[in-house]
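First the structure, in the form of structure tokens, and then the observations on it.
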Amino acid sequence: MQYLRYVDDVWGLWTHGEEKLKSVFEMANNIHPRIKLVLRYSTHFIDFLDITTTLADGYIKPDLFTKETDKHQYLQISSNHPRNVKDAIPYGLGLRLKRICSEPEDYSKRKEELRTRLTKRGYGESLIKVIWSKVDKFGRDSLLNYKESKKSEQIPIVLTYRDALSNIHSIVYERLKTLHKSEEMQRIFTQAPLVAFKKDKNVQDILVYKKT
């Protein structure tokens, strides 16, 4: 027996027969009157979060799972967001497929499905091709390894995003020498500040009153 938990969802392998599984499930459901479990099991495949795991030839083969209600409403390419945010959509989704799909044919199939969905949201074929060429350079094993996130020492400058600020990163780096003419500023800003954007108000923010 082996099981893995993510928040309140549990995925596992059971090797002691169906009757014992139901018996353990019934016992677990009687531990606390306010905690009730739901059991879904299969001898062939099971859906868990965004993964379908299939047992074939003694091996577990993961593939992408999406609910029928998923509308795939990815960020529109015409949306008022920084370019790097838009580029990160196909990149992040491509990495997700690479991590999940263990079989090359499944990976190729899911990529084509995703390509169709992205083009419907305005992403160009050439953009998707360039970004996914970067994804394809990664080996799946390397993507599955846990990586420690590095803490940035950069001081953030938080600005409301405007199209006119698209070159603000280069401006900050160009003016760093001017900032470092002050010993005090040189001590505070040991490296260029990190430019971070917050979203501007949209129509919903303007029309809908939010309680505070």
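Could you rank the peptides 193-202, 24-33 by their average count of other C-beta atoms within 10 Å per residue, with the highest value first?
193-202, 24-33
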Rounded to the nearest Å, the spacing of the alpha-carbon centers of the stretch 1-72 and the stretch 150-212 is 45
note: the stretch 1-50, Cα-Cα separations exceeding 15 Å make up a percent value of 51
In terms of the alpha carbon gyration tensor, root eigenvalues a ≥ b ≥ c, rounded if a/c is under 1.5 and otherwise prolate when a/b exceeds b/c or oblate, the stretch 142-212 is oblate
Among [x] 0.99; [y] 1.08; [z] 1.16, the entry matching Rg/Rh (Cα atoms, Kirkwood Rh) as calculated here is [y]
Rounded to the nearest 10 Å², the 1.4 Å probe accessible area of ARG117 is 60
With every protein chain kept in place and a 1.4 Å probe, the chain has an accessible area per residue in Å² of 78
Note, the stretch 22-33: 3J(HN,Hα) by Karplus (6.51, -1.76, 1.60, θ = phi - 60°), whole Hz, Gly/Pro = x, goes 5, 5, 5, 4, 5, 5, 5, 6, 9, 5, 9, x
Per-residue accessible area, 1.4 Å probe, largest first, puts LYS22, LYS210, LYS150, LYS86 in the order LYS150, LYS210, LYS22, LYS86
Packing-ranked peptide list from 137-146, 44-53, 90-99, highest mean Cβ count within 10 angstrom first, is 90-99, 44-53, 137-146
Taking 123-133, 70-80 and ranking on average Cβ neighbours within 10 Å, highest first, one gets 123-133, 70-80
Summing -39500 (n - 2.57) over every DSSP H run of at least 4 in the chain, dividing by its residue total and rounding to the nearest 500, the 222 nm mean residue ellipticity is -11500 deg cm²/dmol
Nearest 10, in degrees from 0 to 90: the angle of helix 104-120 to the longest Cα principal axis of the chain is 50
A 1.4 Å probe over the protein heavy atoms gives the stretch 1-62 a carbon and sulfur accessible-area percentage of 58
In this structure, among LYS86/LYS199; LYS109/LYS137; LYS150/LYS181; LYS67/LYS120, pairs with alpha-carbon gaps over 22 Å are LYS150/LYS181
Taking Cα atoms, the helix 125-135 axis meets the longest principal axis of the chain at an angle in degrees (rounded to 10) of 70
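The values are calculated or read from the model by the stated rules, or taken from the named source; none is laboratory data. Small disclaimer: the values here were computed from a predicted structure and weren't measured. Cβ coordinates were reconstructed from backbone atoms using ideal geometry, including for glycine residues, and neighbour counts include every protein chain displayed. With ligands, DNA and RNA removed, areas are computed over all heavy atoms of the protein, side chains included. Shrake-Rupley method; radii C 1.70, N 1.55, O 1.52, S 1.80 Å.
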